[in-house]
Every structure is written in structure tokens, then in C-alpha cells.
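Following: one structure in C-alpha cells, then a few remarks.
The values are calculated or read from the model by the stated rules, or taken from the named source; none is laboratory data. Everything numeric in this text was worked out from a predicted model, so none of it was measured. Cβ coordinates were reconstructed from backbone atoms using ideal geometry, including for glycine residues, and neighbour counts include every protein chain displayed.
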Amino acid sequence: MVVGVTGVLLAAGSTAPSDGLLSKLGVSLSLFDALLLLLLLMIPIVIWQIKTRWITANANEWLLLVENGKLVQSGIGLTVFKGLNSVVVRFPSFIQV
């Protein structure tokens with residue numbers, strides 16, 4: 001056995017632990033565990049992005065979906081998925097007399 005720089009007994013052929021925060025806390029993560037943790041942390045963000053991009057107009061509202069300056073969809077009471085380059089406009093559909 002070899003005594004490492006930090007005073008920890010190491011098995012023959014092993015290397016000293018890195019000086020990262022996780023190793024100081026005594027936590028060791030494999031690459032798979034780190035990727036799984038990252039995926040689990042990103043799930044709420046992805047769900048939030050999807051929920052905020054679904055745009056619904058009420059039954060008394062027009063909805064216009066414009067992408068790159070061209071009208072893609074329009075109608076009363078529509079539900080659309082707004083892309084990154086899209087603009088959505090909602091306005092009332094009642095007639096003022």
C-alpha cells in the first residue's frame with residue numbers, strides 16, 4: 001500500500017483522488033451517474049419550456065401565428081405551438097357597433 005499526498009492509504013496501482021468538490025465531500029460519481037443526474041435536473045426545465053410554448057386563444061379571440069414575417073396559422077380559438085422564431089398575436093374577435 002502507498003500513502004498518497006493527502007495521507008489516504010491507496011491500493012497498489014490506484015491514483016490519488018482529485019481535488020474536486022465532490023471528492024472532498026466523499027462523493028464519487030461515475031460518468032453514467034453524472035449524466036443521469038443532469039438529465040433528471042433538466043426534465044423540469046424541458047416541461048416548463050413545452051408548457052410555455054403552447055398558446056391557446058379563447059373562443060372569442062383571434063390567434064395569429066407568424067414565422068419569419070409570414071402568416072402560418074390564423075383562426076378563432078386556436079391552439080398552436082410557438083417555435084423559437086415565431087410570434088403569436090391574440091386579439092378579441094367581437095364586432096363593435
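Brief remarks on what is shown
- Residues being surrounded by 14 or more Cβ atoms within 10 Å (Cβ to Cβ) and either at pLDDT below 90 or under 19 Å from the mean Cα position of the chain (by Cα) (or both) - total across the range 87-97: 1
- Residue check for Ser30: hydroxyl-bearing (Ser, Thr, Tyr), surrounded by fewer than 10 Cβ atoms within 10 Å (Cβ to Cβ) and at negative phi: yes
- The strands (runs of 3 or more DSSP E) found entirely in the range 13-83 that carry 3 or more residues being within 23 Å of the chain's Cα centre (by Cα) and modelled with pLDDT of 90 or more are 54-56, 79-81.
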